[in-house]
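Below: the structure, in structure tokens.
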Amino acid sequence: MSRLELIDLRVRYGAVGAVRGIDLVVESGRILALIGPNGAGKSTTLLALAGACEGKVSGRIVLDGKDISGDSPEKRTRAGIALVPEGRRIFTKLTVEQNLTLARAGNAGRAEVKIAEIYERFSVLGDFARRPAGLLSGGQQQQLAIGRALMTRPNLLLLDEPSLGLAPKVVEEVFEAVVRLRDEGLAVVLVEQNAKRAAELADMTYVLHNGQVDGEGRAAVGDELAHAFFAASDSEGSAR
């Protein structure tokens, strides 16, 4: 059973407070969704969790009872944290299989993941194993990005905008894969532009605004919070 806890997480970029005191908990077999407008601090929160944030980070990040706040990104990967960044950031000139092989380097000290396991989960990757990753469709590239993260056999998967730029049918395929991972016992933190769909998938939803938690709830409750929040934001924008 894996458990991640954020305690008073704060991130500053110079004089700008991007994240201002976030507390949250996510455990194995749960999806926690972070939703909110652009600039709310969602992606920054994921980067801080992965140890890849360029801002000044304070507060505590506790994984399975151990404070990992000062750990490097590599050490966090070995501890079981994997990030699928916005925009996927695969190696487009390398083949699908080469992308997955490179990801195995981050698996030091953890149970070995065979590439065949990834192909079993995402059959299209096996079909195009020798194809340069840049020739895959957007949805296939997203599956590759998730597969690459799974090569480190994580306990906690961080997903940043996995539906961005994808057709609705492909979005559903990606979300179905995320739900399967949750059902297999993985802890997932999901940042997603589609607030309604994210709230439907999640076991807990946090609405972020100006780097702070503006509301929280479970599943459909989170959906209601999201709609109320964005309605309020639209009203503020109209008033201006």
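Values in this text are rule-based calculations from the coordinates and carry no lab data. Worth saying up front: this structure is predicted, and the values here are computed from it rather than measured. All Cβ positions, even for glycine, are placed from backbone atoms using ideal geometry, and neighbour counts span all protein chains on display.
Identify the trypsin sites (Lys or Arg not before Pro) of the stretch 119-214 meeting these criteria: DSSP loop state and at most 16 other C-beta atoms within 10 Å of the C-beta.
Numbers: sites: Arg121, Arg130, Arg148, Lys169, Arg180, Arg182, Lys196, Arg197; in loops: Arg130.
Of the trypsin sites (Lys or Arg not before Pro), the ones in loops of the stretch 119-214 whose Cβ has at most 16 other Cβ atoms within 10 Å are Arg130.
Please go through the stretch 102-192 and write out the GluC sites (Glu not before Pro) that DSSP classes as loop and that have at most 10 other C-beta atoms within 10 Å. Numbers along the way, then the final one.
On the way: sites: Glu112, Glu117, Glu120, Glu172, Glu173, Glu176, Glu184, Glu192; in loops: Glu112, Glu184, Glu192.
Passing sites in the stretch 102-192 are Glu112, Glu184.
Could you tell me what percent of the DSSP beta bridges with both partners in the chain are antiparallel, to the nearest 5?
Numbers: 24 of 41 bridges.
Of all bridge pairs located within the chain, approximately 60 percent are antiparallel.
Can you pull out the trypsin sites (Lys or Arg not before Pro) in the stretch 68-107 that DSSP calls coil and that have at most 13 other Cβ atoms within 10 Å? Spell out each step's value before the answer.
Working: sites: Lys75, Arg76, Arg78, Arg88, Arg89, Lys93, Arg104; in loops: Arg88, Arg89, Lys93.
Here the sparse-neighbourhood loop sites are Arg89, Lys93.
With a 10 Å cut-off between alpha carbons and a GNM built on the chain, which of Ala145, Ala187, Ala103 moves the most?
Ala103
Calculated FRET efficiency, Val16 and Thr92, Cβ-Cβ r, R0 35 Å, to nearest 0.05?
Numbers: r = 32 Å, r/R0 = 0.92.
FRET efficiency, Val16 to Thr92: 0.60.
Determine the gain in length on full extension of the stretch Ser123-Asp203; use 0.36 nm per residue of separation and subtract their C-alpha separation, reporting nm with one decimal. Display every interim value, and only then the final one.
Numbers: separation 80, 0.36 × 80 = 28.80 nm, distance 2.76 nm.
Computed gain between Ser123 and Asp203 is 26.0 nm.
Dipole of the chain (Lys/Arg Cβ +1, Asp/Glu Cβ -1, origin at the Cα centre): which of Leu125, Val26, Gly165 lies farthest to the positive side?
Leu125
Using 30 Å as the Cα-Cα cut-off, could you pick out the over-long pairs in Lys66/Lys169; Lys93/Lys196; Lys93/Lys169; Lys56/Lys114; Lys93/Lys114; Lys114/Lys169? Present the calculation step by step, with values, prior to reporting the outcome.
Details: Lys66/Lys169 40 Å; Lys93/Lys196 35 Å; Lys93/Lys169 27 Å; Lys56/Lys114 37 Å; Lys93/Lys114 22 Å; Lys114/Lys169 28 Å.
Flagged as over cut-off: Lys66/Lys169; Lys93/Lys196; Lys56/Lys114.
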